Amino acid sequence: MKKVILITGGSRGIGAATARLAAQQHYAVALSYVNNRAAADQLVADITSAGGQALAVQADVALEADVLRLFAQVDASLGRISALVNNAGVLEQQSRVEHMTAERISRVLATNVLGSFLCAREAVRRMSTAQDGPGGAIVNVSSRASKLGSPGEYVDYAASKAAVDTLTIGLAKEVAAEGIRVNAVSPGLIYTDIHASGGEPGRVDRVKTSVPMGRGGTPEEVAQAVLWLLSDAASYTTGTVLEVSGGR
Ligand code: NAP
């Protein structure tokens, strides 16, 4: 039986790189997306034509009904997950806090915080040995923004990622004796489309001089850290936030 992994926001960027690497490591891969069906379908086609197993499900992680439908569909199609990557995340147009609307802050928190909680909850219900599950591992995708604060750009996003760090620490302790490890990766400046949604597609190249290694990172470099944390090689590692940020 293949191990089953669910990667939220797996259609593009870090999630897509994680899906490709997981397939290479012989996971059956479920990925969710919210809008970009074409990208999700292409990734599924790439994985299956290389001999892997993959499924894409449209589901907004900020909506509880969508999350329940997502997990039910994965149960029915691939079987019980043993790995969850809480990767779906958004930021909005660069702005100072004094100009942020309540709606914008709520949208960011709903996807990044509520979405991560809901998916973690559904994963624990399936993995916990206290609920007759086989155990498993969860990796939350945080951000170095949680410590740097993102002043003048997106303090709401940074604060949402601080919540993801704390979810990681608390949940890890809560389920440590139930066969589930919970960790986070904290990427720095990674070349993906997310910077365009903040209004600055070239942001990584503008800011990369502040990175001790002098460059931005790739989605594949983050994926390697995620898959390591999920693997048995990390069997005594839980509640940690692993920085993947070139030293920044
Ligand atoms: P990206 O290229 O913009 O991709 C975002 C992915 O999330 C897409 O697959 C998107 O689906 C999906 N998504 C967005 N909102 C969703 C929702 N409500 N429900 C379900 N899926 C949703 O972003 P990325 O840079 O790869 O970011 C991935 C994660 O890494 C995020 O949590 C982000 O905060 C974190 N991160 C990124 C960086 C960086 O520099 N890139 C740094 C630190 C942390 P569609 O394709 O359907 O739109």
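The values are calculated or read from the model by the stated rules, or taken from the named source; none is laboratory data. Note that the coordinates shown come from a computational prediction; the quantities given were computed from them, not determined experimentally. Every residue, glycine as well, gets a Cβ built from its backbone with ideal geometry; the counts of neighbours run over all protein chains shown.
A compact table of results
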| read-out | value |
| --- | --- |
| Enumeration of residues in the range 172-188 that are at negative phi and surrounded by fewer than 21 Cβ atoms within 10 Å (Cβ to Cβ) | Ala172, Lys173, Glu174, Ala176, Ala177, Glu178 |
| Val241 vs. criteria closer than 22 Å to Gly15 by Cβ, at pLDDT 95 or above and either in contact with an Asp or Glu (Cβ under 9 Å, 6 or more places away or on another chain) or among the acidic types (Asp, Glu) (or both) | yes |
| Any chance Ala19 is in a helix (DSSP H, G or I) and away from the ligand (no atom under 15 Å from the Cβ) | no |
| Some residue of the range 3-16 being assigned to a helix (DSSP H, G or I), at pLDDT 95 or above and of a type in the set (S, T, N, Q) | no |
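Yes/no per residue for (1) more than 14 Å from the chain's Cα centre (by Cα); (2) not in a loop (DSSP other than H, G, I, E, B):
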{"residue": "Gly170", "(1), (2)": "yes, yes"}
{"residue": "Ala176", "(1), (2)": "yes, yes"}
{"residue": "Gly199", "(1), (2)": "yes, no"}
{"residue": "Thr209", "(1), (2)": "yes, yes"}
{"residue": "Gly214", "(1), (2)": "yes, no"}
{"residue": "Val222", "(1), (2)": "no, yes"}
{"residue": "Ala233", "(1), (2)": "yes, yes"}
